[in-house]
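Scroll down for the structure; my scribbles are underneath it.
The values are calculated or read from the model by the stated rules, or taken from the named source; none is laboratory data. Note that the structure is predicted; figures quoted are calculated from it, not measured. Using ideal geometry, Cβ is built from the backbone for each residue, glycine included, and neighbour counts are taken over all protein chains shown. The accessibility values were calculated without ligands, DNA or RNA, using every heavy atom of the protein model including side chains. Shrake-Rupley method; radii C 1.70, N 1.55, O 1.52, S 1.80 Å.
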Amino acid sequence: MKARKIWTAMACTMACVLTACGGGQSGEKSSAAADTTAAVTTAEAAAGSSTAETTGEGSTSLAAAEYLSGEYDALPEDGEKYNLSIAYAGGENTEGHVVMSALKEALEYYSNGKITVALYPNGQLGSDAEMIASCIAGDIDIVMQCGSTHATFVPETQIFDTPFLFSGVDIKDVEAATIDSEFRDLYNAANEKAGLKCLMLKAAETMDLTSNKAVYSLDDLKGLKIRTAQTESRMLIWSSLGANPTPLAYSELYMALQNGTVEASDNIYSNDVTGGFGEQQKYIIPTDHFLVSVDLTMNLETFQAMPAEYQNMITKICEEISHYDYALTVADIDKNLQTLIQDYDMEVCEISDEFRTSMVEAAKPAIESAKEMVGNDALYEALDKSLGR
């Protein structure tokens with residue numbers, strides 16, 4: 001209740017803050033101009049995160065305040081100011097944007113303005129590949145994206161692209177494993193080797209197939225042109241199953257479906273809804289082949305250059321917002337599926353036990369290849385231990 005009162009007061013009284021891409025420099029030293037079209041104001045963040053209301057298309061916001069303890073290291077009165085940038089491909093109508101707005105507001109409020117955050121949605125600062133490279137270079141402070149999109153720098157992020165790895169696992173167990181566990185410690189260490197600080201990690205939404213062609217068997221998958229993320233692991237499962245994986249940037253997907261460059265999409269329901277992909281697709285095939293991960297990563301040098309109390313505040317708030325992120329995602333999964341069915345008139349192709357078994361069997365080469373690309377058996381062992389299996 002205390003956190004809710006604090007959050008309500010914050011939403012009502014805190015001034016709007018517009019900041020530019022800070023590159024990790026302090027507010028006193030940075031000369032970058034404020035980008036009013038990209039930054040999200042505190043008032044907008046409050047509207048998206050502090051009330052229980054519908055946000056975007058099919059997304060219901062929970063109260064982020066319930067997840068914030070307010071118990072953080074006090075920052076010194078004369079402490080340095082930092083302008084941080086967070087970039088991501090999703091738009092303002094996505095769940096990810098709601099979560100980043102809540103994170104922005106929490107950091108700005110509890111730091112008493114010593115940390116300000118500019119949000120850059122819609123791929124304004126580049127493709128996923130470009131943004132993570134810019135983050136490692138220190139040109140963007142923080143990036144939110146699917147974990148395996150920075151597999152070039154952190155091979156271990158591909159563990160979530162191991163086909164059918166999480167089949168039958170309760171999402172609460174996944175939440176615990178990805179937020180605070182031996183597995184998360186090893187995952188953090190892998191990111192740090194690449195110059196990244198993993199602030200948040202979520203794996204809650206399953207990757208499924210949407211298509212203009214009904215799919216009930218491996219024969220139906222043969223030659224199907226499926227858009228995948230621009231990573232080898234994402235393409236390999238579909239080639240193993242006989243399809244024709246076609247890597248494209250997320251921003252190019254709608255047009256590619258519209259003009260026939262691809263016939264199907266390997267995606268999560270929330271993206272299918274917010275991206276409007278249901279307008280160009282007829283069938284939902286619940287393959288449940290991956291449990292997609294979303295990472296929030298920060299330039300490690302920028303993070304480590306901040307005083308310890310700043311680091312502790314950022315780390316703890318991100319951990320608490322992670323639980324909010326999971327709750328928001330879980331609440332929206334069925335809602336998004338129903339939106340695709342009811343609003344877009346999409347039809348579900350039910351997966352038979354025989355079809356699922358044949359997919360798992362055919363995917364064995366992709367499973368082994370994923371483990372080789374991850375190259376970290378200890379990470380798999382820690383995950384099994386953290387999941388209690």
So the carbon and sulfur contribution to the accessible area of the range 114-211, 1.4 Å probe, in percent, is 48
Using 0.36 nm per residue of separation minus the Cα-Cα distance, give me the extension gain between residue 169 and residue 352 in nm, one decimal.
63.9 nm
Amide H within-cut-off set for residue 293, under 5 Å, with H built and near neighbours excluded
147, 148
For the range 283-340 and the range 97-172, what is the separation of their C-alpha centers, rounded to whole Å?
8
Taking the highest mean first, how do the peptides 233-243, 67-77 order by number of other beta carbon atoms within 10 angstrom per residue?
233-243, 67-77
Could you report the range 149-308's accessible area per residue, 1.4 Å probe, as an integer in Å²?
34
Packing-wise, with mean Cβ within 10 Å as the measure, how do 354-367, 91-104 rank, highest first?
91-104, 354-367
Taking a straight Cα-to-Cα line shorter than 20 Å from residue 104, and setting aside same-chain lysines fewer than 8 residues away, one finds 2, 5, 81, 114, 197, 202, 316
Using per-residue counts of other Cβ atoms within 10 Å, averaged over each peptide, order 376-385, 175-184 from highest down.
175-184, 376-385
Compute the signed sum of charges (Lys and Arg +1, Asp and Glu -1) over the other residues within less than 14 Å, Cβ to Cβ, of residue 74.
-3
